[in-house]
Amino acid sequence: MTDPTRPDAVRQLLERSNRLGSDPAVTNYGGGNTSVKVTVDSPATGKPVELLYVKGSGGDLGTLRAEGLAVLERDRLVALDSVYRGVEHEDEMVELFSFCGHGRGGATPSIDTPMHGLVDLDHVDHLHPDSVIALACAADGERLVREIWGGRVAWVPWKRPGWELGKAMAELSADPSVIGAVLGGHGLTSWGATSDEVEQRSLRIIAEAAAYLEEHSVAEPFGAEVPGRAALPAEDRRRRAAELFPHLRAVASMDRRQVGHFTDSDVVLDFLTREKLAHLVSLGTSCPDHFLRTKVRPLLLDTAPDTPLDEVVKRLGELHAEYREEYSAYYRRHATPDSPAMRGADPAIILVPGVGMFSFGADKQTARVAGEFYVNAINVMRGAEGVSTYEPVTEADKFAVEYWLLEEKKLQLRPKPKALAGRIAVVTGGASGIGLATATMLAEHGANVVVADLDEAKSSAVADELGGPDRAAGIAMDVTDPDAITAGMDAAVLAFGGADLIVNNAGISRAGSLAETSTQDWDLLYDILARGSFLVAKAAEPVLRAQRLGGDIINICSKNAVFAGPNNVAYSSAKAAQAHMVRLLAAELGEIGVRVNGINPDGVVRGSGIFSSGWGASRAATYGIDESELGKYYANRTVLKVEVLPEHVASAVLALTNGTLPITTGLIVPVDSGVPQAFLR
Ligand code: NAD
């Protein structure tokens, strides 16, 4: 017997959705929804029942799976019209969708469910293509739609998604000569008798809209290039972006800590050089998906690309204050007593002529998608201005969507963020041993992690393991080379918008008596351990200061920083320097809310490159044991008799940075299973 809850039509629906969702010209990330209606024998009654399979709330068409579909009994959904109390009461209909579920009902039905369920044809696509939204946001969109399709594609003036819009779709689709509708200020809905038919119709409408824009557009929809606003050359742009980013992150994070994403694609840079820039930016985005992610409008920095940094930062402060004031005024203008509280008045998109676009979100994915949506919005504005005038939905309509109680409920249902969500960690020597365990644990607890090690390939492989570009980045950084540190810190900042949590872990080991220790050995150990930690802290300090978000520096020192073990003068004294730096920097950086702490591990054999590359063998020989016994041997020297693992050190980093010890600074934590000679006094 075939599974009645997964008919073949569902497979077709998923395949169609994945195809449509994989092309950004067809729909933006997370935007749009698709559906199929299919009749099966109900397991409960044995009688035929018509089911609606429709993409549920959240998720993305490109990766839609069966679990992402809501499954409703259509007759019950349609019957809800008998309890519909009119447009003022649309929102209460959403609560009623759950009374229409078939079986467990699948995913939570979205607000767009009526647009699918009330249409009588079996297959419906609702999409957000830039080309169609350009027409949907053109001042004379209705006329353009008539001119292009002559009634085969209808025009529906802006309506917030819901029951009313669903009814409008049902009415239009009852006319067999109409294959779809352009929804004013929003997107496209089309329908068909088969999955293939609706897909072909959707794609044809999108292509025809694009062709019309291409043929009829004026030469320069955004106006002429403004002299003095040209994009900086690529290298200078990156440098400037890296310098500015922490300051911009401070602006975007005044109410809530944000992570950033930088885009300097041709589309963005061209828009930023044009005459109409300031006017179009002030109009804001249009499609509900766009402005929910991008905020009602971006902040536009109006300084010339070559303005000295301190002047730019000063101007940024003024513009930020204005932005916050305007945003609060916008909230006050439209809020009603039952509106959700204001969600923060900082911008999500900051545009910097000559440099690029900086987008922000609570996590990297949200920040990246906000940027992608503003690129969608630029495309929409270019299309609309090419053939008409860009005219987004009114501010009141935008507010109604941004502060819609249903959107608020969705936000409330989000899982609580992890302890390190929104934090950006840089772990030197992060590709092996203690650094790798630390990078892994910080990522598991929500941090974005920059793995900084000698070998870029190794760092990148670790970053991929940690979850790829939305979670981690791998960079080459030799901590003995100040230029490499500057470049590495720039790369870290450009990857996520800044740096909050620096772990000075890179290290090597070399033992020997005074006579055996060469000057080169001494210099190398000091270069990596002491000078390296100093240089990385020095490069991170301006970033930490600019962000105004406090931060953490953790030095991975060693039990040897305290214990005068045999024949170890260079390594141990360099570790002591690294440890005392903890106290000195803690005293100095407290002023900007940066806490500096250290960890003294001992005998971490497992996973350690230091031990596996000769040091372990030489230590084992000294103690007269087999190398494989070394971990146990060290454990037996301790009070607790437990082998120290890289994860123990990583846990200490976590405890020092996840809010467990929020007012602790200048502390050095032993992670050694108890070595009395190394007890701190
Ligand atoms: P490991 O060799 O496994 O990892 C060290 C990492 O640092 C390597 O990936 C290496 O490529 C990187 N590195 C070396 N030189 C670098 C440089 N110039 N720039 C950037 N990266 C560089 O070693 P581990 O055992 O995980 O040690 C990590 C840290 O912990 C070191 O500072 C070490 O001194 C300290 N420590 C280790 C132990 C132990 O028993 N393993 C004990 C106390 C302290």
Being within 11 Å of the ligand (Cβ to nearest atom) and modelled with pLDDT of 95 or more: is that true of S459 here?
yes
Tell me, please, whether a residue that is more than 10 Å from the ligand (Cβ to nearest atom), open to solvent by 70 Å² or more (accessible area, probe 1.4 Å) and β-branched (V, I, T) can be found in the range 628-651.
yes
Go through the residues of the range 515-525 one by one and say whether even a single one is buried (at least 19 other Cβ atoms within 10 Å of the Cβ) and over 15 Å from L420 (Cβ atoms).
yes
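Out of G150, G184, which single residue is farther than 30 Å from L301 by Cα and surrounded by 15 or more Cβ atoms within 10 Å (Cβ to Cβ)?
After ruling out the rest, the residue left standing is G184.
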When residues of the range 479-514 are filtered for being assigned to a loop (DSSP other than H, G, I, E, B) and away from the ligand (no atom under 14 Å from the Cβ), how many remain?
6
Within the range 462-477, can you find the residues that are open to solvent by 60 Å² or more (accessible area, probe 1.4 Å) and either within 20 Å of T366 (Cα to Cα) or near the ligand (Cβ under 9 Å from one of its atoms) (or both)?
D464, P469, R471
Could you list, in sequence order, the residues of the range 549-559 that are within 18 Å of V536 (Cα to Cα) and crowded, with 24+ Cβ neighbours inside 10 Å?
G551, I553, I554, N555, I556, C557
Being touching a His at 6+ places or on another chain (Cβ under 8 Å), closer than 30 Å to L280 by Cα and either in the same structural domain as F291 (by TED's automatic domain parsing) or modelled with pLDDT of 95 or more (or both) narrows it down to one of Y390, Y403, so name that one.
Y403
When residues of the range 439-456 are limited to those that are assigned to a helix (DSSP H, G or I) and more than 14 Å from the ligand (Cβ to nearest atom), the one surrounded by the fewest Cβ atoms within 10 Å (Cβ to Cβ)
E444
Any residue in the range 18-38 that is surrounded by fewer than 22 Cβ atoms within 10 Å (Cβ to Cβ), of a type in the set (V, I, T) and closer than 17 Å to S195 by Cβ?
yes
Do we find that R414 is more than 10 Å from the ligand (Cβ to nearest atom), open to solvent by 30 Å² or more (accessible area, probe 1.4 Å) and in contact (Cβ under 8 Å) with a residue 60 or more places away in the chain in this structure?
no
Please give the helices (runs of 4 or more DSSP H) falling wholly within the range 69-171 in which 2 or more residues are touching a Cys at 6+ places or on another chain (Cβ under 9 Å) and either over 15 Å from W191 (Cα atoms) or outside the structural domain of H186 (by TED's automatic domain parsing) (or both).
74-79, 130-136
Selection count, the range 9-62, where residues are in a loop (DSSP other than H, G, I, E, B), out of contact with any Cys (no Cβ under 8 Å at 6 or more places or on another chain) and within 15 Å of S110 (Cβ to Cβ):
8
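Determine whether D306 is without any contact (Cβ under 8 Å) to a residue 24 or more places away in the chain and open to solvent by 10 Å² or more (accessible area, probe 1.4 Å).
Values: without any contact (Cβ under 8 Å) to a residue 24 or more places away in the chain: no; open to solvent by 10 Å² or more (accessible area, probe 1.4 Å): yes.
Spelling it out, it is not the case that D306 is without any contact (Cβ under 8 Å) to a residue 24 or more places away in the chain and open to solvent by 10 Å² or more (accessible area, probe 1.4 Å).
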Condition first: open to solvent by 10 Å² or more (accessible area, probe 1.4 Å) and either modelled with pLDDT under 95 or near the ligand (Cβ under 10 Å from one of its atoms) (or both). Now tell me which residues in the range 536-548 satisfy that.
none
Applying the selection to the range 560-574, what residues are open to solvent by 10 Å² or more (accessible area, probe 1.4 Å) and not in a strand (DSSP E or B)?
N560, A561, V562, F563, A564, G565, P566, N567, V569, Y571, S572, S573
Flagged in the range 392-408 as surrounded by fewer than 17 Cβ atoms within 10 Å (Cβ to Cβ) and not in a helix (DSSP H, G or I), in numbering order, are T394
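Looking only at the range 440-453, which residues are closer than 17 Å to A491 by Cα and under 19 Å from the mean Cα position of the chain (by Cα)?
Those that are closer than 17 Å to A491 by Cα and under 19 Å from the mean Cα position of the chain (by Cα): A447, N448, V449, V450, V451.
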Please go through the range 589-613 and pick out each residue that is more than 11 Å from the ligand (Cβ to nearest atom), among the small types (G, A, S) and either free of Cβ contacts under 8 Å to residues at least 12 places away in the same chain or on the phi < 0 side of the Ramachandran plot (or both).
G590
Yes or no: G512 at pLDDT below 95 and either open to solvent by less than 20 Å² (accessible area, probe 1.4 Å) or under 22 Å from N597 (Cα atoms) (or both)?
yes
Answer yes if at least one residue in the range 506-519 is in contact with an Asp or Glu (Cβ under 8 Å, 6 or more places away or on another chain) and of a type in the set (A, V, I, L, M, F, W, C), and no otherwise.
yes
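The values are calculated or read from the model by the stated rules, or taken from the named source; none is laboratory data. In this text, all values refer to a predicted model and were calculated from it rather than measured experimentally. With ideal geometry, Cβ positions are generated from the backbone for all residues, glycine too; neighbour counts draw on all protein chains shown. Calculation scope for accessible area: heavy atoms of the full protein, side chains included, ligands and nucleic acids excluded. Shrake-Rupley method; radii C 1.70, N 1.55, O 1.52, S 1.80 Å.
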